[in-house]
Amino acid sequence: MNKKNLILIIIMGFVLMACSTTPATKNVTLIAEDIVWSTDLIEAQLGQEIQLTIRNDGVLDHNFEFAELAINVLLTPGESQTLSFVLSEAGTFDYICSIPGHVEAGMAGVITISE
Ligand SMILES: [Cu+2]
């Protein structure tokens with residue numbers, strides 16, 4: 001093997017390493033207010049762990065319902081909870097607050113996973 005080929009193989013090795021590296025954890029804080037979520041869009045990459053802290057800053061109960069992963073967390077005023085999850089496919093997935101009337105008031109958002 002000549003020197004040029006060896007260098008090429010080393011470069012290809014670095015490229016492969018860069019491609020296979022899983023993206024860093026995405027930290028997101030989602031705040032429930034009366035009566036809206038602080039954000040209606042959470043973006044992450046396929047395979048990226050999402051660490052989601054949900055906090056209820058309102059005076060009403062709110063819940064985080066994410067049907068894709070069957071997550072349903074009820075938060076009383078002042079309460080917070082942190083969840084970690086990874087979505088296994090790309091796409092757009094809805095989250096809502098399923099307390100009656102709250103979706104209609106605007107408590108709905110999406111998590112988008114890009115490849
Ligand atoms: Cu709510």
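Considering only residues that are of a type in the set (Val, Ile, Thr) and surrounded by 16 or more Cβ atoms within 10 Å (Cβ to Cβ), look in segment 96-107 and name the one that is nearest to the ligand (Cβ to nearest atom). Within segment 96-107, the match that is nearest to the ligand (Cβ to nearest atom) is 99.
From the list 93, 85, 64, the one residue that fits, being within 15 Å of the ligand (Cβ to nearest atom), aromatic (Phe, Trp, Tyr), at negative phi and under 15 Å from the mean Cα position of the chain (by Cα), is 64.
Meeting the requirement of 2 or more residues that are surrounded by fewer than 18 Cβ atoms within 10 Å (Cβ to Cβ), the strands (runs of 3 or more DSSP E) wholly within segment 50-93 are 50-56, 71-75, 80-85.
Within segment 57-115, being in contact with a helix residue (DSSP H, G or I) (Cβ under 6 Å, 6 or more places away or on another chain) and farther than 18 Å from residue 46 by Cβ holds for one residue alone: 96.
Only the coordinates and a few stated rules stand behind these numbers; no lab work does. Owing to the predicted nature of the structure, the values given are computational and were not obtained by experimental measurement. As a convention, Cβ positions derive from the backbone with ideal geometry for all residues, glycine included, and neighbour counts pool all protein chains shown.
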